[in-house]
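Here's the structure, in structure tokens; my notes come after.
Read-outs throughout are calculated quantities, based only on the coordinates presented, and are distinct from any laboratory measurement. A quick note: this is a predicted structure, and the numbers were derived from the prediction, not measured. Cβ placement follows ideal geometry from the backbone for every residue including glycine, while neighbour counts extend to all protein chains displayed.
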Amino acid sequence: MSFEVQLSTNAEELAKKFDKDVREIKRFLERAVRQSTFLVERGAKIKTPVDTGRLRSSIETKIMPLQGTIKTIVQYARFVHDGTRFLRPRPFMKDAADEASSEIQGFFRKAVHDALQ
């Protein structure tokens, strides 16, 4: 079982709306995806409860064109994140994504602004 957060966008749709070159818009959007993904990863690692450090060290990021994924493959990650009837939830991934949301919006606003210049 894995637990992950994904960020993605569609440059072709944006390019059509603004009559711009898709490659140019993709370049700016990919930067925003990369910045956003690493921001959430950093926040998740800070917020991850630590006993042995295994859960925190298992958090990894994968960047693909216009998509970033932050995940952990540690079997017990979901139980820590969502809680059980014996363990209170500690939503380290969700909290990191929520806290980063305004900064992520800023990354994408800047990407669109720069792409349209």
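Over the Cα atoms of segment 3-116, what radius of gyration and what Dmax do you get, in Å?
Rg and Dmax of segment 3-116, Cα atoms, are 16.3, 55 Å.
Each residue of segment 86-99 in order: what ³J(HN,Hα) in whole Hz does its phi give by Karplus 6.51 cos²θ - 1.76 cosθ + 1.60, θ = phi - 60°, with x for Gly and Pro?
Computed from phi, the couplings for segment 86-99 are 9, 10, 5, x, 10, x, 4, 6, 4, 4, 5, 5, 4, 5 Hz.
Could you give the longest part of the chain that holds none of the chymotrypsin sites (Phe, Trp or Tyr not before Pro) found in DSSP loops with at most 15 neighbouring Cβ atoms within 10 Å?
On the way: sites that count: Y76, F86.
Free of exposed loop sites, the longest segment is 1-75.
About the Cα centre, and with charges only on the beta carbon of Lys, Arg (+1) and Asp, Glu (-1), how big is the dipole of the chain? Nearest 20 debye, please. Write down the numbers at each step before the final one.
Working: 22 positive and 16 negative charges, 59 e Å.
Magnitude of the dipole: close to 280 debye.
As a test of the formula, what do you get for the chain when each DSSP H run with n ≥ 4 contributes -39,500 (n - 2.57) and the sum is divided by the residue count, at 222 nm and rounded to the nearest 500 deg cm²/dmol?
-19500 deg cm²/dmol
In nanometres, what is the gap between the two model label sites at S58 and R78, each 7 Å from Cα along Cα-to-Cβ?
With each label placed 7 Å out from Cα toward Cβ, I get 1.2 nm.
Among D82, D95, D51, which one moves the most in a GNM of the chain with springs linking Cα atoms closer than 10 Å?
D51
I want to check a number: in the chain, how many lysine pairs have alpha carbons closer than 24 Å, given a sequence separation of 8 or more or different chains?
19
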